[in-house]
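Asks: Dropping a structure here in structure tokens format, bear with me for questions.
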Amino acid sequence: MKTLQIKTIFTILVCTALFLSCSNNNDDNSSGEGDEFLTAKINGTNFAASTDPATIIGATITNGILAVQGGDNSGNTISFQIFGYNGVGTYKTADALTSTNQIMYVTISPVATWSSSGVTSVTGITPGTIEVTSEDGATVEGTFTFEGYNAQDQTVKNITEGKFKAELQ
């Protein structure tokens, strides 16, 4: 349980850094504004990262880790980290034996996190899948799906039809 809390705190810090780095590029009109997106269905309900009044989508590749995040205007986010990122390919989450990759959905009101990580694999949650379909050094694009587990209230959210395209910071 303590490992899940540490990973959650780490992820929130990474996400905050991603948000801050994205806001510095909002004044650059040459970036192809409107091309970025992060969408999904959460238990059948549409989720879309904000593009108005500002794009709240970002991605970084640092030390072999791809981090992507998208947030809506209410502060709810979907984010994922791929450790040992090697470009285009399919990556799994929630299998601590072979992967430390993680993907999560976070709500602000109420504050809650549904994740697919090595910790959730012991609960019987199906591993998530992130497929990177394109990465050219400037943008990264792909799809994702996962079952997110909330350890506090022991609920599961099904995130399906996930798609993303983000500029690399």
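The values are calculated or read from the model by the stated rules, or taken from the named source; none is laboratory data. Bear in mind the structure is a predicted one, so any value in this text is a computation, not a measurement. Methodologically, a virtual Cβ is constructed for each residue, glycine included, from the backbone with ideal geometry; neighbour enumeration extends over all protein chains shown.
Asks: Which of the residues that make up the stretch 62-88 are out of contact with any strand residue (DSSP E or B) (no Cβ under 6 Å at 6 or more places or on another chain) and either closer than 18 Å to Ser109 by Cβ or part of a strand (DSSP E or B) (or both)? Walk me through how you get there before you give the answer.
Replies: Start the filter on the stretch 62-88 by keeping residues that are out of contact with any strand residue (DSSP E or B) (no Cβ under 6 Å at 6 or more places or on another chain), which leaves 62-64, 72-75, 84, 86.
Hits for the stretch 62-88 are Thr62, Asp72, Asn73, Ser74, Gly75.
Asks: Restricting the search to the stretch 129-163, which residues are in contact with an Asp or Glu (Cβ under 7 Å, 6 or more places away or on another chain), of a type in the set (A, V, I, L, M) and either assigned to a strand (DSSP E or B) or at pLDDT below 95 (or both)?
Replies: Listed by number, the list holds a single entry, Val156.
Asks: Could you please let me know if Tyr85 is modelled with pLDDT of 95 or more and in contact with a Lys or Arg (Cβ under 8 Å, 6 or more places away or on another chain)?
Replies: Numbers: modelled with pLDDT of 95 or more: yes; in contact with a Lys or Arg (Cβ under 8 Å, 6 or more places away or on another chain): no.
So Tyr85 does not fit the description; no.
Asks: Of all residues in the stretch 136-156, which are in contact with a Phe, Trp or Tyr (Cβ under 9 Å, 6 or more places away or on another chain) and surrounded by fewer than 21 Cβ atoms within 10 Å (Cβ to Cβ)? Give the steps one after another, and end with the answer.
Replies: Going residue by residue through the stretch 136-156, those that are in contact with a Phe, Trp or Tyr (Cβ under 9 Å, 6 or more places away or on another chain) are 140-144, 146-150, 155-156.
Within the stretch 136-156, Glu141, Thr143, Asn150, Thr155, Val156 qualify.
Asks: Take the residues in the stretch 72-86 that are of a type outside the set (Phe, Trp, Tyr), surrounded by 14 or more Cβ atoms within 10 Å (Cβ to Cβ) and free of Cβ contacts under 8 Å to residues at least 60 places away in the same chain; name whichever of them is nearest to Gly148 (Cα to Cα). Walk me through it before giving the result.
Replies: Going residue by residue through the stretch 72-86, those that are of a type outside the set (Phe, Trp, Tyr) are 72-79, 81-82, 84, 86.
If we keep only those that are surrounded by 14 or more Cβ atoms within 10 Å (Cβ to Cβ) too, we end up with 72, 75-79, 81-82.
If we keep only those that are free of Cβ contacts under 8 Å to residues at least 60 places away in the same chain too, we end up with 72, 75-76, 82.
Working: Asp72: 18, Gly75: 18, Asn76: 14, Ile82: 16 Å.
Ranking the candidates gives Asn76 first.
Asks: Inside the stretch 106-128, can you point out the residues that are surrounded by fewer than 19 Cβ atoms within 10 Å (Cβ to Cβ), part of a strand (DSSP E or B) and either of a type in the set (A, V, I, L, M, F, W, C) or modelled with pLDDT under 95 (or both)?
Replies: Ala112
Asks: Report whether or not Gly32 is in contact with a strand residue (DSSP E or B) (Cβ under 9 Å, 6 or more places away or on another chain), at pLDDT below 85 and either within 17 Å of Phe144 (Cα to Cα) or of a type outside the set (Ser, Thr, Tyr) (or both). Break it down stepwise before answering.
Replies: Values: in contact with a strand residue (DSSP E or B) (Cβ under 9 Å, 6 or more places away or on another chain): yes; at pLDDT below 85: yes; either within 17 Å of Phe144 (Cα to Cα) or of a type outside the set (Ser, Thr, Tyr) (or both): yes.
Against the criterion (in contact with a strand residue (DSSP E or B) (Cβ under 9 Å, 6 or more places away or on another chain), at pLDDT below 85 and either within 17 Å of Phe144 (Cα to Cα) or of a type outside the set (Ser, Thr, Tyr) (or both)), Gly32 qualifies.
Asks: State yes or no: is Asn26 out of contact with any strand residue (DSSP E or B) (no Cβ under 8 Å at 6 or more places or on another chain), more than 18 Å from Glu161 (Cβ to Cβ), modelled with pLDDT under 90 and part of a loop (DSSP other than H, G, I, E, B)? Talk me through it step by step, then tell me what you get.
Replies: On the way: out of contact with any strand residue (DSSP E or B) (no Cβ under 8 Å at 6 or more places or on another chain): yes; more than 18 Å from Glu161 (Cβ to Cβ): yes; modelled with pLDDT under 90: yes; part of a loop (DSSP other than H, G, I, E, B): yes.
For Asn26, the condition - out of contact with any strand residue (DSSP E or B) (no Cβ under 8 Å at 6 or more places or on another chain), more than 18 Å from Glu161 (Cβ to Cβ), modelled with pLDDT under 90 and part of a loop (DSSP other than H, G, I, E, B) - is met.
Asks: Now, a different point. Considering Asp72, Asp52, which residue is among the acidic types (Asp, Glu) and farther than 27 Å from Gln152 by Cβ?
Replies: Working: Asp72 fails: farther than 27 Å from Gln152 by Cβ.
Among Asp72, Asp52, only Asp52 is among the acidic types (Asp, Glu) and farther than 27 Å from Gln152 by Cβ.
Asks: Of all residues in the stretch 30-45, count the ones that are part of a strand (DSSP E or B) and closer than 18 Å to Ser115 by Cα.
Replies: So in the stretch 30-45, the residues part of a strand (DSSP E or B) come out as 37-42, 45.
Subset that is closer than 18 Å to Ser115 by Cα: 38-42, 45.
Of the residues in the stretch 30-45, 6 are part of a strand (DSSP E or B) and closer than 18 Å to Ser115 by Cα.
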